[in-house]
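Undergrad: Got a structure for you, questions after.
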Amino acid sequence: MEILNTAIKFALLIALIISPTLLFNKLRKQSFKYPFILYLISAVLITFFLVMVLAWWSHFSTELLLSHYGYYSGDLNETERMKNVAVENLDKVNTLRISKMGIGWPLKAIIFYPFYFPYLVIAYLGMYFYSKKSSQKVSLQKDSIEF
């Protein structure tokens, strides 16, 4: 169960890393008047959605693991919440219970996104200069073949 939760978190994190590059390549194949503006708007929408899904999944997977271990958060006192938890899982449940305290998942996503946003600009600039460099290299090779 924990392996599946971690695998989904890593898949969402990889999607956050790869999506700006895929979007740049998709938009580069089409001709637009202002490609940077279109890239920025669509990248912000796509990646903000992915950040929200990642934050939600982090919260939901903690709740899922707690219920898997027998913790019931609906009761009012701590002894009733922990009565179905096996003795060997008490430390794990306490760690998970403490980790979910604090700010909620929407606020975590909103706080994380300003730190992620510069990556979108850096990825665009990196891919832009790389594509310019590779297109110049290809044109130089074509010129040398013509001689």
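Undergrad: Against the condition polar (S, T, N, Q), under 24 Å from ALA7 (Cβ atoms) and open to solvent by less than 50 Å² (accessible area, probe 1.4 Å), how does THR95 come out, does it pass?
TA: Against the criterion (polar (S, T, N, Q), under 24 Å from ALA7 (Cβ atoms) and open to solvent by less than 50 Å² (accessible area, probe 1.4 Å)), THR95 does not qualify.
Undergrad: Report every pair of residues separated by at least 6 positions or lying on different chains whose Cβ atoms are under 9 Å apart, first residue within the stretch 68-88 and in contact (Cβ under 8 Å) with a residue 24 or more places away in the chain and closer than 23 Å to LEU4 by Cα, second among the hydrophobic types (A, V, I, L, M, F, W, C) and assigned to a loop (DSSP other than H, G, I, E, B).
TA: HIS68/MET1; TYR69/VAL85; TYR69/ALA86; TYR71/MET82; TYR71/VAL85
Undergrad: Conditions: (1) open to solvent by 90 Å² or more (accessible area, probe 1.4 Å); (2) under 30 Å from ALA123 (Cα atoms). ALA43 meets all but one. Number of the miss?
TA: (1)
Undergrad: Taking LEU27 as meeting all but one of (1) over 22 Å from TYR130 (Cα atoms); (2) open to solvent by less than 50 Å² (accessible area, probe 1.4 Å), write down the number of the exception.
TA: Failing condition for LEU27: (1).
Undergrad: Exactly one of (1) outside any helix (DSSP H, G or I); (2) out of contact with any Ser or Thr (no Cβ under 9 Å at 6 or more places or on another chain) is unmet by SER73. Its number?
TA: Condition (2) is where SER73 drops out.
Undergrad: Right, next: VAL87 - would you say it is open to solvent by less than 40 Å² (accessible area, probe 1.4 Å) and out of contact with any strand residue (DSSP E or B) (no Cβ under 7 Å at 6 or more places or on another chain)?
TA: Numbers: open to solvent by less than 40 Å² (accessible area, probe 1.4 Å): no; out of contact with any strand residue (DSSP E or B) (no Cβ under 7 Å at 6 or more places or on another chain): yes.
When the stated conditions are applied, VAL87 does not pass them.
Undergrad: Evaluate the stretch 60-71: report whether one residue or more is farther than 23 Å from MET127 by Cβ, under 17 Å from the mean Cα position of the chain (by Cα) and surrounded by fewer than 15 Cβ atoms within 10 Å (Cβ to Cβ).
TA: yes
Undergrad: Now a separate question. Taking ALA109 as the residue in question, decide whether it is in a helix (DSSP H, G or I) and within 19 Å of ILE3 (Cα to Cα).
TA: no
Undergrad: Step by step: first the residues of the stretch 99-111, then only those that are open to solvent by 80 Å² or more (accessible area, probe 1.4 Å) and modelled with pLDDT of 90 or more, then the one that is farthest from the chain's Cα centre (by Cα). Which residue is that?
TA: Ranking the qualifying residues of the stretch 99-111, first place goes to LEU107.
Undergrad: Being surrounded by 15 or more Cβ atoms within 10 Å (Cβ to Cβ) and farther than 29 Å from MET1 by Cα, is that true of even one residue in the stretch 126-143? Spell out how you get there, then give the answer.
TA: First pass over the stretch 126-143, keeping only residues surrounded by 15 or more Cβ atoms within 10 Å (Cβ to Cβ): 127-128.
After this cut, where a residue has to be farther than 29 Å from MET1 by Cα as well, the list is 127-128.
Taking every residue of the stretch 126-143 in turn, at least one turns out to be surrounded by 15 or more Cβ atoms within 10 Å (Cβ to Cβ) and farther than 29 Å from MET1 by Cα.
Undergrad: How many residues does the stretch 10-38 contain that are part of a helix (DSSP H, G or I) and of a type in the set (D, E, K, R)? Break it down into steps so the answer makes sense when it comes.
TA: Taking the stretch 10-38 first, the residues part of a helix (DSSP H, G or I) are 10-28, 35-38.
Of the ones still in play, those that are also of a type in the set (D, E, K, R) are 26, 28.
Residues meeting the conditions: 2.
The values are calculated or read from the model by the stated rules, or taken from the named source; none is laboratory data. Computed from a predicted model, the values in this text were never measured in an experiment. As a convention, Cβ positions derive from the backbone with ideal geometry for all residues, glycine included, and neighbour counts pool all protein chains shown. The accessibility values were calculated without ligands, DNA or RNA, using every heavy atom of the protein model including side chains. Shrake-Rupley method; radii C 1.70, N 1.55, O 1.52, S 1.80 Å.
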